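Report on the following structure.
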Amino acid sequence: MIAHPLILGAGPAGCAAAITLRARGVDCTLIDRDATVGDPLCGGFLSWRTAEQLDTLGIDIARLGAHKVSTLRLFAGQDMREVALPHRAYGLSRHALDSEMRRIALAQGARFIADTIKGLGEGYAMGAQEEYHSRSIFLATGKHDLRGHSRPRTAKDTTVGIRLRLPASPARDRLLGGAIELHLFPGGYVGIVLQEGGSANICLAVRKSALACAGGSPVALFAKLAQDNRALADRLGEGWEEARVDTIGAVPYGWICRETSPGLYRLGDQAAVIPSLAGEGNSIAIASGVAAASAFRTGRSAQEYQRAFATRARRPVRLAAALWHMAETPLGARAGLALARIAPALVTTFAEGARIPPAPSLAQT
Ligand SMILES: Cc1cc2nc3c(=O)[nH]c(=O)nc-3n(C[C@H](O)[C@H](O)[C@H](O)COP(=O)(O)OP(=O)(O)OC[C@H]3O[C@@H](n4cnc5c(N)ncnc54)[C@H](O)[C@@H]3O)c2cc1C
């Protein structure tokens, strides 16, 4: 049995924990099923809070070529409103972000093992290759649940995440510029942002029932949405049907973990799942990684950490859930755009409120 933390998952949450532990001289082992970093499904939007946290961890997103984002453009039906974001945000692929976070964690001395974790118990994790033992396990497998540790899915009509990556094009560059766009439609939204190198990340979150109306096919759904929404059709451009489509099912939006087992620190999407239209999931992941590492180092139990982090995540997750429920109904979407026209400052306040609050101090979660 080793005393140092075993971190399961080397996404933003796991790597943030590893970097924080190593910065304080604590040994740790990162285990990820992928020996090399892929490009996980994500909207590619990094909020100003994410950028601040990455900066604190020594990650220079400007050097990674992150695309600068300064405005929020909302579309519903034929209507469009544009609001300035309260602070500078960014578009960056998860391939670029995760590669850099993993590189820094390993450069600082974190050990890395490529293995797929199949199960978990008190003080151990079962990998496909071997069994690992530690008194402190950081569960950071993100969107993927381990058997016996699934996050509850209470929604009758679950949410599916879909992503298209389109190459750089002068036309999309002109249309999107420095904006994050949210195209609202009944049952979901399409988020579009440019990333490093000018490629576009087109990410959609949709209720399963709305996807079923398009025959269950993501491409058919995009085609249907583009038919009803000229602006979306322009952004998709020609030949988008050939692009690779990634999907993830049953995202438990709004779930927050309050109770955990002894020695099990739950991080990132395994700690709290903020509806993705807020663009704050990566920020919550990083904040939880830093908080869990700080709790471990200062001798606080996994349960103390989990409760404190649940309290910290509550406001942004609840606010984002309320905005998501509003945005997915035609009436709510129209009301949102009307609000953006009459009181843009209120939209800015919501955008600020959906951010994870900074940690009260380095030693606190
Ligand atoms: C549709 C959609 C759009 C989104 N858009 C945005 C956005 O624009 N901005 C934003 O900030 N957030 C967004 N999010 C949320 C964001 O993607 C997540 O909150 C974030 O990825 C959580 O990070 P994580 O480190 O907890 O998990 P992940 O990023 O999921 O990383 C988990 C890691 O664990 C590894 N792993 C998984 N299972 C195992 C296993 N069994 N054994 C070993 N390793 C394993 C994986 O390989 C991966 O490296 C979006 C989410 C969705 C669903």
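The values are calculated or read from the model by the stated rules, or taken from the named source; none is laboratory data. Predicted model, so just to flag it, every value in this text is computed and none were measured. FYI the Cβ positions are ideal-geometry reconstructions off the backbone, even for glycines, and counts take in every protein chain you see. What goes into the accessible areas is simple: the full protein's heavy atoms, side chains included, and nothing from ligands, DNA or RNA. Shrake-Rupley method; radii C 1.70, N 1.55, O 1.52, S 1.80 Å.
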Note: probe point = Cα of His4 + 7 Å toward Cβ; backbone nitrogen < 14 Å; residues of region 88-109 passing the test are 105-109
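Taking the solvent-accessible surface of protein heavy atoms with a 1.4 Å probe, what is the per residue accessible area of region 284-365 in Å²? Mind showing how you got there, number by number?
Values: 3620 Å² over 82 residues.
Per residue, region 284-365 has 44 Å² of solvent-accessible surface.
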Accessible area of region 263-365 belonging to carbon and sulfur atoms, whole % at 1.4 Å probe:
65
Rolling a 1.4 angstrom probe over the protein heavy atoms, how many square angstrom per residue are accessible across region 93-134?
47
In nanometres, what is the gap between the two model label sites at Thr329 and Ala155, each 7 Å from Cα along Cα-to-Cβ?
1.5
Residue farthest toward the positive end of the dipole of region 196-338, with Cβ of Lys/Arg at +1 and Asp/Glu at -1: which of Gln303, Ile274, Gly336?
Gln303
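Using R₀ = 51 Å, calculate the FRET efficiency as 1/(1 + (r/R₀)^6) where r is the Cβ-Cβ separation of Thr247 and Arg135; round to 0.05. Kindly include the intermediate steps, with their values, before the conclusion.
Details: r = 37 Å, r/R0 = 0.73.
Calculated value: 0.85.
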With a ≥ b ≥ c the root eigenvalues of the C-alpha gyration tensor of region 56-189, is it rounded (a/c under 1.5), prolate (a/b larger than b/c) or oblate?
oblate
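Could you tell me what a quarter of the Cα convex hull surface of region 270-365 works out to, in nm² with one decimal place? Don't skip to the answer; put the middle values down first.
Numbers: hull surface 25.1 nm².
That works out to 6.3 nm².
Once the convex hull of the alpha carbons of the chain is built, what does its volume come to per residue, in cubic angstrom?
Values: hull volume 45.2 nm³, N = 365.
With only Cα atoms used, the chain gives 124 Å³ per residue.
Among 48-59, 329-340, 261-272, how do they line up by average Cβ neighbours within 10 Å per residue, starting with the highest?
Working: 48-59: 19.6, 329-340: 16.4, 261-272: 25.2.
Packing order, densest peptide first, comes out as 261-272, 48-59, 329-340.
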Dipole axis of region 61-136 (+1 Lys, Arg; -1 Asp, Glu on Cβ), positive-most option in Ala105, Ile117, His67:
His67
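Mean separation of Cα pairs under 8 Å and 6+ residues apart, divided by the residue count of the chain: what relative contact order is that in percent? Could the numbers behind the result be given before it?
Details: 799 pairs, mean separation 82.0, N = 365.
Dividing the mean separation by the residue count of the chain yields 22 percent.
Solvent-accessible area per residue for region 195-234 at a 1.4 Å probe radius, Å²?
41
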So which trypsin sites (Lys or Arg not before Pro) in region 153-210 are both in a DSSP loop and have at most 12 other Cβ atoms within 10 Å of their Cβ?
Lys156
Difference of contour (0.36 nm per residue) and Cα-Cα distance, Arg147 to Ala338:
64.3 nm
